[in-house]
Structure formats: structure tokens, C-alpha cells
Amino acid sequence: MTSPRTASPRSHPPANARGRHDTAGSIARVENLSKTYGSDAGHVTALAGVSIAIPAGSFTAIMGPSGSGKSTLMHIMAGLDSASGGRAWLGDTEITALGDAELTVVRRRRIGFVFQSFNLVPTLDVAGNISLPFELDGRRPTGAEQAWIDELVASLGLTDRLAHRPRELSGGQQQRVAIARALATRPDLVFADEPTGNLDSRAGREVLTLLRTASSKYGQSIAMVTHDPIAASYADRILFLADGRLVEERPRSTAQEIGRFMLDMEPAA
Ligand SMILES: Nc1ncnc2c1ncn2[C@@H]1O[C@H](COP(=O)(O)OP(=O)(O)OP(=O)(O)O)[C@@H](O)[C@H]1O
Ligand SMILES: [Mg+2]
């Protein structure tokens with residue numbers, strides 16, 4: 001891969017941005033975000049006032065026990081779900097102020113997704129899956145974009161698989177296709193929810209190395225939800241949620257350090 005990609009911040013927070021996090025140079029941020037599902041008797045508080053910033057060009061891991069609000073946070077940041085309170089920005093765009101049609105365009109053009117279950121289109125071959133974001137946007141990749149896609153395909157080892165359907169590929173290969181699709185449009189931010197959850201440890205390490213490289217070599221901003229301390233050890237920074245709140249923020253750490261911290265976080269039995 002030779003295409004240069006600048007990691008310069010694309011936006012600046014508004015002058016009145018406050019909070020305990022440094023938001024300068026962030027590609028995405030949320031302020032006092034809350035989310036409640038249901039109403040009255042049956043309501044669940046998924047997020048209870050979360051403020052975070054994702055630095056441009058960084059690889060950020062989001063960890064926390066099951067039910068702590070990780071997916072909810074990611075979905076609101078990606079415009080897939082609405083907030084009950086607080087605000088979310090992608091660059092200068094306030095996601096929480098947009099309507100459905102505008103959100104669809106933001107998701108299509110400025111966000112990439114990698115899911116645990118790959119989410120490839122079974123009837124499309126690898127080439128078709130990778131160019132799907134352009135297709136959905138009603139256009140073909142430009143020459144420069146196609147060169148970037150070719151480079152991604154080569155570096156992900158998919159060149160001789162372009163005409164294959166997803167069911168003809170291993171899980172690790174399918175996830176590499178999903179990563180190529182997520183990176184193809186050079187989105188502002190890639191969200192990955194448990195991207196290694198369905199992979200064995202070797203395929204998982206390959207996928208994590210690819211995400212790590214996309215961030216360090218090409219300045220791709222990535223936010224990855226994971227339960228796995230090994231996966232989180234590939235990230236520049238680790239955010240820990242518990243009960244819908246941000247409880248800790250750590251710089252790059254070893255899997256052992258992350259594992260130890262997770263044990264300390266567990267309530268005493
Ligand atoms: N659509 C929904 N309706 C009702 N409650 C929901 C909904 N989605 C999530 N919740 C609840 O919100 C809380 C946070 O869920 P979320 O999926 O964000 O957790 P998570 O940290 O991603 O968990 P996991 O690690 O198991 O994926 C949970 O209590 C969950 O049951
Ligand atoms: Mg989840």
C-alpha cells in the first residue's frame with residue numbers, strides 16, 4: 001500500500017466545548033450522552049451521561065462488562081440509534097441533531113462498519129461487497145479510489161478471491177473483506193463491534209494487525225468494542241464502561257495489564 005493518507009484533524013470542537021477530556025483534534029466526541037430504553041416500569045438505562053472524545057487517527061478500544069452500554073454508545077455515535085439526552089459529533093457535524101435522511105448520508109460517506117458477524121452480502125462476490133458503499137451512494141469509485149481499493153485488496157491478501165462469494169471464504173477471509181469494505185471510502189471513523197468475536201485466535205490476530213496498520217500507517221481513526229484484553233492491547237487507548245458510565249481511560253497497555261484491570265473492576269462476589 002503506497003497511498004498517502006494524512007492524519008491531520010479534520011475538525012475543531014466548538015469554542016464552548018468543555019468537559020474533562022481534551023477534545024482538540026478529535027474526530028468524534030460525545031457529551032453527557034444518555035440512553036434509556038422502554039418507558040415507565042420497564043425502562044433500562046443503557047447510558048447514564050458519557051463524555052468521550054476519539055482522537056483523529058487513533059485506534060481506540062471500548063471495553064466493559066456485558067450490558068455496560070458499549071454497543072449502544074457505538075450505535076448512537078454512528079447515527080444508528082437516537083440518544084435520550086446529550087450530544088454526539090462526528091467532526092463538526094452534530095449527529096444528534098440530524099434527521100434520518102441526513103444520517104443515512106453521513107453513515108454511507110463518513111463512517112465504516114465492521115461487525116462480529118461480518119455482514120457481507122451473500123449474493124455479491126468479494127469485489128461487489130467491497131465496492132458496495134460506492135454502489136449505495138449511487139456512483140462508481142473514481143480512478144484514485146479504485147487504486148486505493150486495489151491496494152487494500154492486495155494488502156489484505158484477497159486478490160485471487162475477488163470473484164468468490166462470502167460462503168466460499170473462511171471467517172478470517174470474510175472479515176478481511178469487511179475491513180476492505182469499511183476502509184474503501186476512507187471514512188472519517190471506522191466502528192468495529194467485536195470484530196474478532198467469531199474468529200479463532202490466529203485469524204483474530206491477523207484482523208487486529210490490519211486494523212492497527214490502518215490506523216498507524218494510514219491515519220485511519222478506529223473505535224473498536226471488545227471483551228478481549230488481547231484485542232484491546234492493539235489499541236492506542238482503552239476506554240472502560242460500566243453501568244452506562246465511563247469509569248476508566250488507559251493509554252496503550254499489555255493484555256496482562258488490561259486483564260488485571262478488568263478483574264479489579266469486577267464487583268467482589
Ligand atoms: N433495543 C433495546 N431495548 C431495550 N434494552 C436494550 C436495547 N438495546 C440494549 N438494551 C439494554 O441496554 C443495556 C446496554 O446494552 P448494550 O448492548 O449497549 O451493552 P454492551 O455493553 O454492548 O453488551 P455486550 O457486551 O453484551 O454486547 C443492556 O442492559 C441492554 O439490555
Ligand atoms: Mg454489545
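FYI, it's all coordinate maths here, none of it is from the lab. What you see is a predicted model; the values in this text were computed from it and never measured. Here the Cβ positions follow ideal geometry from the backbone for every residue, glycine too, while neighbour counts run over all protein chains shown.
In debye, nearest 20, what is the charge dipole magnitude of the chain about its Cα centre with +1 on Lys and Arg Cβ and -1 on Asp and Glu Cβ, if you could check?
480
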Let me have the relative contact order for the stretch 170-269, percent, based on Cα pairs under 8 Å that are six or more residues apart. 22
Apply 1/(1 + (r/R0)^6) to the Cβ-Cβ distance of SER117 and ASP150, taking R0 = 41 Å, and write down the FRET efficiency to the nearest 0.05. 0.95
Using the basic label-point model (7 angstrom from Cα toward the beta carbon), what is the ASN32 to ARG212 distance in nanometres? 3.9
Counting Lys and Arg as +1 and Asp and Glu as -1, each charge on the Cβ, what is the dipole of the stretch 76-234 about the Cα centre in debye, to the nearest 20? 240
Normalised contact order of the chain, rounded percent, pairs of Cα under 8 Å and 6 or more residues apart: 25
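Would you kindly state how much longer the chain becomes between GLN256 and HIS43 on full extension, computed as 0.36 nm times their sequence separation minus their alpha carbon distance, in nm to one decimal?
So the extension gain works out to 73.0 nm.
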Charge dipole of the chain built from unit charges on the beta carbon (Lys, Arg +1; Asp, Glu -1), centred at mean Cα; most positive-end Cα among GLN256, LEU73, GLY157 is GLY157
In debye, nearest 20, what is the charge dipole magnitude of the stretch 15-162 about its Cα centre with +1 on Lys and Arg Cβ and -1 on Asp and Glu Cβ, if you could check? 360
Using helices alone, I'd like the mean residue ellipticity at 222 nm for the chain: each DSSP H run of four-plus residues gives -39500 (n - 2.57), total over residue count, nearest 500. -9500 deg cm²/dmol
Between THR142 and SER201, take the C-beta separation as r, use R0 = 35 Å, and let me know the FRET efficiency to the nearest 0.05. 0.35
So if we plug the beta-carbon distance of GLU266 and ALA97 into 1/(1 + (r/R0)^6) with R0 = 30 Å, what FRET efficiency do we get, rounded to 0.05? 0.20
If contacts are Cα pairs under 8 angstrom and at least 6 residues apart, what is the relative contact order of the stretch 99-199 in percent? 51
